[in-house]
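**Q** Below is the structure I would like to discuss, written out as structure tokens.
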Amino acid sequence: MNDLWLDEIWSIELVRELHSPFGVFSQTHHDNNHYLNSLFIYFLGQHGNWPGYRVPAVVAGFGGIVLAWFIGRRRDKATAFFATLLVSFSYVMILYSSEARGYAPLVFFCFLCFLVLQSFLERPRWQTAALFSLCAILGFTSHLTFLTFFCASLVWFFTCLLRQKFSLRKIVKWAAACYAVPVIYVLAIYFLDVRHLQIGGGTPISVLDGYRATLAWTLGGPNDSSLQTITAAVCVVGLLAGLVIVFRERPDASIFFLAAIVIMPLAMPLLEHGTLHYVRYFIVALGFLLLLIGQVLGWLYKRGIGGKIACGAFCSLFLALNGWDIAALVKYGRGHISEAVQFMADHSETQAVITFGGEQDFRILFVLAFYSREMMPGRNMAYFNHEQWPINGPEWVIFHKESFAQPVPPGRRFTDEFGNAFELVRIFPTAPLSGVDWFIYQKNSTASGNP
């Protein structure tokens, strides 16, 4: 129920420009356009800072929990319990299941496709193949990083059918039944949208740094590099143990987990030229790593009292780390931007026009413009870009930091090139991995401009 943040607002503003739902695919050539989420926004209409935009993500998030149970239950009840526990209390899953973007539906359709494909590989049927094709199309419509699952599933598909000694003719037939329509759909999306795609920008993160952070956040972070090294190492141990356990039971399935969690995510630089490898771009790998660790815990649980104690210790650590982050999400939300805007409106010394500046013009102005429409009725807002600051300066200056950085302000005060003095008056921190920290400075009324 907290405020919408920049990327959610961006999705809403992109949809505002459309004249038909088909424009989601043919008009909005932007990486912040997650097709299924944009379609929901289009049909829901423009309502400003409205939590209702998040309802589809919330529904998909709960659906992912249910699917985690069914995936684990195919092995045994203990695995089902632990898989459900990990997915339910994962901070990353909770975060993106409460955000109006495509990541929660992406995970939902990855889990559903996994369940359907597992059923198909046990007993190939046309109905199951058609269901898989439909779910795969919805997965791509949720987010294009569904490609990581899709490619991993192809490896699993061919390995499994070859192990069952299917004839080449049957393999081609069933591959076409499962994958032909989704491939045609992806090609259509490519020519309509992807080849024209614009990247919104952000703080560059290498694929290795992003993947390391993803391993750490699988266990529950937190935003501390030394602790992330420990949690990432624990997850690597869980990954290796899970691959060994699955390999002993079903070698072809272990190939899928290896491809979905390791190979395909690390191959991302070969598929695109971006430098923004945030944790959310690895959420498919994170989701399946949670399921794999659930299998490890289910295996341990059956190994006597020692295994049960180990399961209890791991789950306690997992709940503690994620509970800490969930508490931060409840407390800070995604920056409490509406509260920040209201604070500046209430404490402004000028009543006619409230003037702003910022160290990152696009991000600050974009969010301010969205919130000021409904929060400053009857009052005007003026934002001055870096190169256009007036001699007297703006009244308010906003600095920001990414959510993966510590919310430490750049200083208590500063002076601009004209001699206007500004002092830090409020900090609005955000929860980890979403939103941005805002540091609000107000011009000192005793300072005067020096032309």
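**Q** Taking the Cβ of SER97 as the centre, find all other residues whose Cβ is under 13 Å away and add up their charges (Lys, Arg: +1; Asp, Glu: -1). Walk me through the numbers before you get to the answer.
**A** Working: positive: ARG54, ARG101, ARG280; negative: GLU99.
Here the count lands on +2.
**Q** Just flag the trypsin sites (Lys or Arg not before Pro) in the stretch 39-92 sitting in loop per DSSP whose Cβ has no more than 14 other Cβ atoms within 10 Å. List each step's numbers first, then the result.
**A** Working: sites: ARG54, ARG73, ARG74, ARG75, LYS77; in loops: ARG74, ARG75.
Here the sparse-neighbourhood loop sites are ARG74.
**Q** Using the number of other C-beta atoms within 10 angstrom as an exposure proxy, rank TRP69, TRP299 with the fewest first.
**A** On the way: TRP69 18, TRP299 23.
Ascending number of Cβ neighbours within 10 Å: TRP69, TRP299.
**Q** What is the local net charge at TYR301, summed over the other residues whose Cβ is closer than 14 Å to its Cβ (Lys, Arg +1; Asp, Glu -1)?
**A** On the way: positive: ARG75, LYS77, LYS302, ARG303, LYS308; negative: ASP76.
That sum, taken over residues with Cβ under 14 Å, equals +4.
**Q** Could you give the dipole magnitude of the chain about its Cα centre, charging the beta-carbon of Lys and Arg +1 and that of Asp and Glu -1, in debye to the nearest 20? Write down the numbers at each step before the final one.
**A** On the way: 32 positive and 29 negative charges, 537 e Å.
I would put it at about 2580 debye.
**Q** How many lysine pairs are close in the chain, with Cα atoms under 26 Å apart and the two 8 or more places apart or on different chains? Write out the running numbers ahead of the final one.
**A** Working: LYS77/LYS302; LYS77/LYS308; LYS165/LYS173; LYS331/LYS401; LYS401/LYS443.
Going through the chain pair by pair, I get 5.
**Q** Read phi for every residue in the stretch 308-320 and hand back ³J(HN,Hα) as whole Hz from Karplus 6.51 cos²θ - 1.76 cosθ + 1.60, θ = phi - 60°, with x for Gly and Pro.
**A** Calculated HN-Hα couplings, in order: 5, 5, 4, 4, x, 5, 5, 5, 5, 5, 4, 5, 5 Hz.
**Q** What do you get for trypsin sites (Lys or Arg not before Pro) in the stretch 344-393 restricted to DSSP loop and a cutoff of at most 16 other Cβ within 10 Å of the site's Cβ? Don't skip to the end; give the middle numbers.
**A** Details: sites: ARG363, ARG373, ARG379; in loops: ARG379.
In loop regions of the stretch 344-393 (DSSP not H, G, I, E or B), the sparsely surrounded trypsin sites (Lys or Arg not before Pro) are ARG379.
**Q** Modelled label-to-label distance, GLU359 and ARG373, 7 Å Cα→beta-carbon offset: nm?
**A** Computed distance between label sites GLU359 and ARG373 equals 2.9 nm.
**Q** Still on this structure, I have one more. Dividing the convex hull volume of the Cα atoms of the stretch 126-280 by its residue count, what figure in Å³ per residue is obtained? It would help to have the intermediate numbers written out before the result.
**A** Values: hull volume 19.9 nm³, N = 155.
It is 128 Å³ per residue.
**Q** So if each residue of separation counts as 0.36 nm, and I subtract the Cα-Cα distance between ASN444 and THR229, what length gain in nm does that give? Numbers along the way, then the final one.
**A** Values: separation 215, 0.36 × 215 = 77.40 nm, distance 4.30 nm.
My answer for the length gained is 73.1 nm.
**Q** While we're here: With Cβ to Cβ distances under 13 Å as the rule, what net charge do the other residues near GLY335 carry (K, R +1; D, E -1)?
**A** Working: positive: LYS331, ARG334, ARG363, LYS401, ARG426; negative: ASP3, ASP7, GLU8, GLU99, GLU339, GLU402, ASP437.
My count for the surroundings of GLY335 gives -2.
**Q** Please report, in whole Å³, the volume per residue of the convex hull around the C-alpha atoms of the stretch 337-443.
**A** Looking at the stretch 337-443, the number lands at 95 Å³ per residue.
**Q** Return the distance in nm (one decimal) between the two label points of a simple spin-label model at ALA130 and ILE427, each offset 7 Å from Cα along Cα→Cβ.
**A** 5.9
**Q** Right, another one. Roughly what percent of Cα-Cα pairs across the chain reach past 30 Å? List each step's numbers first, then the result.
**A** Numbers: 49579 of 101475 pairs.
Value for the chain: 49 percent of Cα pairs lie more than 30 Å apart.
No value in this document is a laboratory result; all are computed from the given coordinates. Since this is a predicted model, take the numbers as computed values, not measurements. Quick reminder, even Gly has a Cβ in these numbers, built from the backbone with ideal geometry, and neighbours come from all protein chains shown.
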